1. So between Asp118 and Ile41, what do we pick up on full extension, going 0.36 nm a residue minus the alpha carbon distance?
2. With r as the distance between the Cβ atoms of Asn73 and Ile53 and R0 = 35 Å, compute the FRET efficiency 1/(1 + (r/R0)^6) and round to 0.05.
3. Report the extension gain between Ser100 and His171 in nm, rounded to one decimal, defined as 0.36 nm multiplied by the number of residues separating them, less their alpha carbon distance.
4. Go ahead and estimate [θ] at 222 nm for the chain from helices alone: -39,500 (n - 2.57) per DSSP H run with n ≥ 4, summed, over the residue count, rounded to 500.
5. Which one, (1) 36, 19, 14; (2) 72, 15, 14; (3) 29, 19, 13, gives semi-axes √(5λ) of the Cα gyration tensor in Å as derived from the coordinates shown?
6. I'd like to compare 97-104, 52-59: which one has the highest average count of other Cβ atoms within 10 Å, and what's the full order after that?
7. Using r as the Cβ-Cβ distance of Leu149 and Asn60, and R0 as 35 Å, what FRET efficiency do you calculate, to the nearest 0.05?
8. Can you list the lysines whose alpha carbon sits under 21 Å from that of Lys64, skipping same-chain ones fewer than 8 residues off?
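Just so it is clear, none of the values below were taken in a lab; they were calculated from the coordinates. Quick caveat, the model's predicted, so the values are computed rather than measured. When we count neighbours, we look across all protein chains shown, and the Cβ atoms used for this are built from the backbone with ideal geometry, even at glycine.
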Amino acid sequence: MEVSEKKLCKTCYMEIPIKAKKCPYCQRGQNVFSMIFWYPILSIIGFFIPFIIIGCIFANMFNKGKDFTPYRNQITINSSELRFGEKQSGETVAVVGTMSNSSPIPWKEIQFEVRFYDSNGKIIDAMQQKGYSDEIPANGSSAFKVSMLREFPKEQYTKYDVVIISARDAHSLW
């Protein structure tokens, strides 16, 4: 039995010797580089692919993610309580609690505002702070703590409100 030492030309599809570097019929090279020069669209595509990849990476890097405003009401405070303590620098007041996220987006850098009221309902103190929670997962929950040095006796801190002011899409890089 005779083994055929032939192959098909990549351009004209004629049978040529297996070791041929050039087709005797169409005179085209049989290696990859010859094919690229014969089909210039391949070289153009090959040239632009790295630029497309780099463009996608840059677009992803500068994507600010979803705007928090439409999702503001989907992050809620589940429970919270007022705590008093002391540091070397003075007496503190803190609000510790849990929050839940019913949106499909994970959020990071959550900014809280806490308002403290006296027994007459008059605001006596307030603060804004990024919470200790780095991220609240989509459809999940997380703990938070907002703490500050207090200016008034703890007996005056009778009520408080916790409001979430802002957050950033956790998928955004910046």
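1. The span from Asp118 to Ile41 would gain 20.2 nm if fully extended.
2. 0.35
3. 23.8 nm
4. Values: 2 runs with 29 residues, N = 174.
Computed mean residue ellipticity for the chain: -5500 deg cm²/dmol.
5. The calculated read-out lines up with (2).
6. On the way: 97-104: 16.9, 52-59: 10.0.
The densest-packed peptide leads the list: 97-104, 52-59.
7. Numbers: r = 41 Å, r/R0 = 1.17.
The calculated FRET efficiency here is 0.30.
8. Within the straight-line limit of under 21 Å, Lys64 reaches these lysines: Lys108, Lys130.
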